[in-house]
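Below is one structure, written out as C-alpha cells, with a few remarks after it.
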Amino acid sequence: MNSKEKLSGTKLKIYEIIFESDTREGKLFDILLLLCIVLSVLVVILESVPSIKEEWHHILIALEWFFTGVFTIEYIARMWVVLNKRKYFFSFFGLVDLLSIAPTYLSIFFTGAQSLLVIRSLRLIRIFRIFKLARFIGEGQNLISAIKSSQYKIIVFLTTVATSVIIFGTIMYLIEGPEYGFTSIPVSIYWAIVTMTTVGYGDISPHTALGQTLASIIMIMGYGIIAVPTGIVSSEMIELNRRKKITTQVCPHCLKEGHESDAIYCKYCGGKLN
C-alpha cells in the first residue's frame, strides 16, 4: 500500500512542500528555510561580538526569538505530517531540527545556552535539495559508496602512513634530539605528520644536514602519498557512476532520499514510493 495514500488534503500538501522539492512550493519553502537558517546563524555570530551585542542586544534577541518561532512551527508541522514520527524524531535531521530550537528555550533557565544555536548551520545540508540538484545528490551517494567499497584499501594505506611517520619521527628524534626542539618521540612524530602532509607549520624544523635531508625525502613522499587515496576512491567511482539517475524523492516510511528515477519501492526500507 502506498504510504502517501494515508495522507490526504492539507497533510499531503504540507508533506510534499516540506519533505520534497519537486514542486514550485517545495522549492520555495526550502529556499526560505535556508535563508532563515543563514540569518539566524548570523544573528548568533554577531551576538558574540561584544561591541555589536552592547549596541544591538535587544534587536538581536528579538530576531533570535522570531527565528526560533519560525523553526518551532516548522518542526511541529514536520511532526504532524510525517507518517513515522518516531523515525523522524530520532533521525539525523529530526534531532538537528529539535536541537536548533531547544537552546533558545533553555536560555530562559540557563544563561548562555543560546550560543549553542550555531548547530543550525548543520541544517544547511538541506541545500542539496534546493533547485532539485539530483545530480549532486547522486554524486554524493556515489562518493559514499566508493569510500565504503575502498575502505580496506584505505585502511591499509593509512596504516602504512601511520607506520611511516612513526619510523621517520623516531629517526628524526635520534638525529636532531632535544637540542633542536625534538624533545620526545611523540613530538617528532607530530613533526613527521605535519611534514608528510605538506602542512609545514614551521614550529619545529631540523637544523643538521642529515635531518634536513630526511625532511626533504619526507616532503617529496608527501606529495605522492596525497595522490594515493584520491586514486583509490576515483577508481571505485568510475564504476559507480554507471548507476541510474538519482532523484530527491523522500520515502514516506524511512524519510531517506537518493532513490533512482524509476524506483517504485524504497531501497532502504522497502516501502512503496509512489
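Structure notes:
- Selection within segment 176-198: residues that are in a helix (DSSP H, G or I) and among the aromatic types (Phe, Trp, Tyr). The member of this set that is surrounded by the fewest Cβ atoms within 10 Å (Cβ to Cβ) is 180.
- Residue within segment 239-246 that is modelled with pLDDT of 85 or more and surrounded by 12 or more Cβ atoms within 10 Å (Cβ to Cβ) present: no
- Residue list for segment 51-60, filter: without any contact (Cβ under 8 Å) to a residue 12 or more places away in the chain, closer than 16 Å to residue 41 by Cβ and aliphatic (A, V, I, L, M): 52
- Looking across segment 199-232, the residues that are of a type in the set (A, V, I, L, M), over 16 Å from residue 157 (Cβ atoms) and either touching a His at 6+ places or on another chain (Cβ under 8 Å) or in a helix (DSSP H, G or I) (or both) come down to 209, 210, 214, 215, 217, 218, 219, 220.
- Filter result (within 14 Å of residue 175 (Cα to Cα), of a type in the set (A, V, I, L, M) and out of contact with any Pro (no Cβ under 6 Å at 6 or more places or on another chain)) within segment 195-222: 204, 209, 210, 214
Listed here are the residues, each with its yes/no results for (1) farther than 18 Å from residue 93 by Cα; (2) in contact with a Ser or Thr (Cβ under 8 Å, 6 or more places away or on another chain).
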{"site": "26", "(1), (2)": "no, no"}
{"site": "34", "(1), (2)": "no, no"}
{"site": "41", "(1), (2)": "no, yes"}
{"site": "45", "(1), (2)": "yes, no"}
{"site": "53", "(1), (2)": "yes, no"}
{"site": "59", "(1), (2)": "yes, no"}
{"site": "65", "(1), (2)": "yes, yes"}
{"site": "68", "(1), (2)": "no, yes"}
{"site": "71", "(1), (2)": "no, yes"}
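- Which numbered condition residue 172 misses (of (1) within 30 Å of residue 19 (Cα to Cα); (2) modelled with pLDDT of 85 or more): (1)
The values are calculated or read from the model by the stated rules, or taken from the named source; none is laboratory data. All values reported here derive from a predicted model rather than from experimental measurement. Glycine gets a Cβ as well: all are built from the backbone with ideal geometry, and neighbour counts include every protein chain shown.
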